[in-house]
1. Keeping to the range 47-99, report how many residues are among the hydroxyl-bearing types (Ser, Thr, Tyr) and under 33 Å from the mean Cα position of the chain (by Cα).
2. Condition first: at pLDDT 95 or above, among the charged types (D, E, K, R), in contact with a Ser or Thr (Cβ under 9 Å, 6 or more places away or on another chain) and farther than 19 Å from residue 165 by Cβ. Can you find one or more residues in the range 258-265 that meet it?
3. I'm checking my understanding of the structure. Among residues of the range 67-87 that are touching a residue at least 12 places away in the same chain (Cβ under 8 Å) and over 11 Å from residue 19 (Cα atoms), which one is surrounded by the most Cβ atoms within 10 Å (Cβ to Cβ)?
4. Among the residues of the range 441-462, what is the count of those that are outside any loop (DSSP other than H, G, I, E, B) and of a type in the set (Ser, Thr, Tyr)?
5. How about the range 343-398: which of its residues are at pLDDT 80 or above, hydroxyl-bearing (Ser, Thr, Tyr) and within 25 Å of residue 422 (Cα to Cα)?
6. Quick one: is residue 173 surrounded by fewer than 24 Cβ atoms within 10 Å (Cβ to Cβ) and either assigned to a loop (DSSP other than H, G, I, E, B) or among the acidic types (Asp, Glu) (or both)?
7. Is there any pair with a first residue in the range 11-37 that is farther than 21 Å from residue 151 by Cβ and a second that is assigned to a loop (DSSP other than H, G, I, E, B) and small (Gly, Ala, Ser) whose Cβ atoms are under 6 Å apart and which are 6 or more apart or on different chains, and what are they?
8. Is it the case that residue 319 is over 20 Å from residue 424 (Cα atoms) and hydroxyl-bearing (Ser, Thr, Tyr)?
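The values are calculated or read from the model by the stated rules, or taken from the named source; none is laboratory data. Being a predicted model, the structure only gives us computed values, none of them experimental. No Cβ is skipped: glycine too gets one built from the backbone with ideal geometry, and neighbour counts run over all protein chains shown.
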Amino acid sequence: MTLKEQLDNLFKPRSVALIGASPTIGKWGFNILTLLLSEKGREIYAVNKHEAEVLGLKAYPSILEVPAPVDLAIITVPFQDIPTTMEECIRKGVKSSVVISGGLAESGEEGAKVQNQLVKVARRGGIRFVGPNCMGFFDTSVDFNTVIFLPPLRKGPVALISQSGNSGQSIITVGIERGLGFSKYVSSGNEADLHYEDYLEYMAQDDETKVILGYIEGLREGQRFFELAKEITKQKPIVVVKAGRTQAGASAARSHTAALAGSDLISDAAFKQAGVIRVEEIGELIDVAQVLLGQPLPRGRRVGVLSIGGGMAVMAADSVIKQGMELASLSPATVEKLNSVLSRRWSHGNPIDMGGDRFNYNCLWPLIEDDNIDAILVLGSPAATRRFLEWYSRNAPWLTNVDEMKKLAEAGELKELEKMKEMRGKYAKPVIFCAMGIDIVRQGEVYRWLEQNYLVPYPTPERGARALSRLVEYSEYLSMSR
């Protein structure tokens, strides 16, 4: 059986047994069973030695007592009982398993012995498993989820592999808040059987996945990872946070998931050679995924900055240079076109300070058409008109037609955004929006359009410039690898 077939059995089960199902709120066996019962489309079985019924389901004292085939076993029993439980799963003919329980190799010598025994049992029986010491996985293509305490999942093209369950939950939550949807996720835990590299190979073959995100503390098959990554990144971007940069961080990683953090300098160089985009923090994972999904690849590093204010223009210019890009020189034709749109107060150079004028899409078209510019950073909020009208709603209650004005303003702006999308594709130029205070317009039609097109504004110029720089680096890598 191929690795893809093995992991298909894991991610797309038709029947699931929860071993350690519990009627006690707060326990893993309660929380996961509650989640499973909220889903449809597969048989769910509860296994508990001491209860006849759990959350309305008949409970079986052993998985061997379950009267039907079981594709996936979710194990939440105490760590010392895991090897025996796995033996019963093998006798039952279970195809795959996820071991949620912790207290194994990450906790010391005794736990390591139990984990080694678990691996021997599973390999003898031919069963593949996630974990132990993990927080589960999901596959939105089949509406299957074992990861508790997440917001409602949104289907989409982003896959995530995380060696930390809590970090994985944070990444997913932040991603959903910024409009990203996910295809698959796995909290890999101690990786006693299935390794990070197995999941990476699987996600690379997944048609629903366009971008692969990762949280890494240590790689067990480093050479395999980089050989896989060199091929995958030619088709799908891989973006990772690699923890354990410092000695203190590396020590924490070993105690967390029993991972070997390895040399940070070696990892950094290997990532670059394989085209893997390494970022510094969880929020940047989401920022970079957004720009990869929502923007064309730029042809160079020359950036045009368009700003409604001088202070933000200066900050953006600093960020562009700091991230290794350069400020483009405006062509005479572009200056002339901007003169016809803006007041005399505009800066007459790049960065383009609009001199206090409201954001005007007519300033954007000359920049997209300018051959001297490879990408554009816009510091001015889409849906600005809606924001101003919200202010009138609060402060000028005698205006009775504000709602109608909002609809007309948004309809007009949606046409401008569609034009921007078309021109951006024609000229292969990313257009990055940055806007502080965007929460004010989250409920609007323009914001929904931005979400659907992965164009939600970055909250600061620094984050927008940093995300753009990662896109530039990935474009350069692809050019060199062809």
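1. Of the residues in the range 47-99, 3 are among the hydroxyl-bearing types (Ser, Thr, Tyr) and under 33 Å from the mean Cα position of the chain (by Cα).
2. Checked the range 258-265: no residue is at pLDDT 95 or above, among the charged types (D, E, K, R), in contact with a Ser or Thr (Cβ under 9 Å, 6 or more places away or on another chain) and farther than 19 Å from residue 165 by Cβ.
3. Looking at the filtered set, the residue picked out is 70.
4. 2
5. 361
6. Spelling it out, it is not the case that residue 173 is surrounded by fewer than 24 Cβ atoms within 10 Å (Cβ to Cβ) and either assigned to a loop (DSSP other than H, G, I, E, B) or among the acidic types (Asp, Glu) (or both).
7. Listed pairs, sorted by first residue: 29/20; 29/21; 29/22.
8. For residue 319, the condition - over 20 Å from residue 424 (Cα atoms) and hydroxyl-bearing (Ser, Thr, Tyr) - is met.
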